[in-house]
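Below is one structure, written out as structure tokens, with a few remarks after it.
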Amino acid sequence: MKKFKSKVCPTCGCSLVRLGIKETSATKSTYKDESYSFCCSGCAKIFDKNPSKYIEEIKNVTVCPVCLAEKNIAHTTGVKYKNTVIPFCRCPHCISTFEEKPEYYLDRLMGKTEYEGLFNNLCC
């Protein structure tokens, strides 16, 4: 089963895709041999003071592939696509929009499709 996971800033919980922050330009920090991406250097500094706290806080956070809203997985609706269940915000519009171009939305969620974000790389 393929897993679709979008990068989320561990400190503030924002979707990096929604903010338009690309993998190549994201601020990074490493904790226990795992790399984490952040929306800004301020979030990375906060994270570095107590990484386990922030990792725990976002462990159940997922991102809707259409509206890019960040949600706790318990507050989503799962939709089966191919061999996996994809979590969506509970908006029926997002699900019907996804069904029109599923590969586009999955590629965007994974950062494979160019998306300038809501703030065009102008995060804090």
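The values are calculated or read from the model by the stated rules, or taken from the named source; none is laboratory data. What you see is a predicted model, and the numbers here were worked out from it, not measured in a lab. Positions of Cβ are backbone-derived with ideal geometry, glycine not excepted, and every protein chain shown enters the neighbour counts. Heavy atoms of the whole protein, side chains included, go into the accessibility calculation; ligands, DNA and RNA do not. Shrake-Rupley method; radii C 1.70, N 1.55, O 1.52, S 1.80 Å.
Results, tabulated for the structure shown:
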quantity: Per residue value of the accessible surface for the stretch 1-105 (all protein chains in place, 1.4 Å probe), Å²; calculated: 57 Å²
quantity: Cβ crowding within 10 Å averaged over residues, with 8-16, 36-44, 50-58 ranked highest first; calculated: 8-16, 36-44, 50-58
quantity: The stretch 28-92, accessible surface, carbon-and-sulfur percent (1.4 angstrom probe); calculated: 50 percent
quantity: Relative contact order (percent, whole number), the chain, Cα cutoff 8 Å, 6+ residue spacing; calculated: 32 percent
quantity: Entry for mean projected area of the Cα convex hull in nm² (calculated from the structure that is shown) out of (1) 7.6; (2) 8.3; (3) 7.1; calculated: (1)
quantity: Selected from LEU19, VAL85, GLY111, residue furthest toward positive end of dipole (the chain; charges at beta carbon); calculated: VAL85
quantity: Residue of LEU68, LEU19, LEU109 that the Gaussian network model of the chain assigns the largest fluctuation, springs spanning Cα pairs under 10 Å; calculated: LEU19
quantity: Solvent-accessible ranking of ARG108, ARG90, largest area first, probe 1.4 Å; calculated: ARG90, ARG108
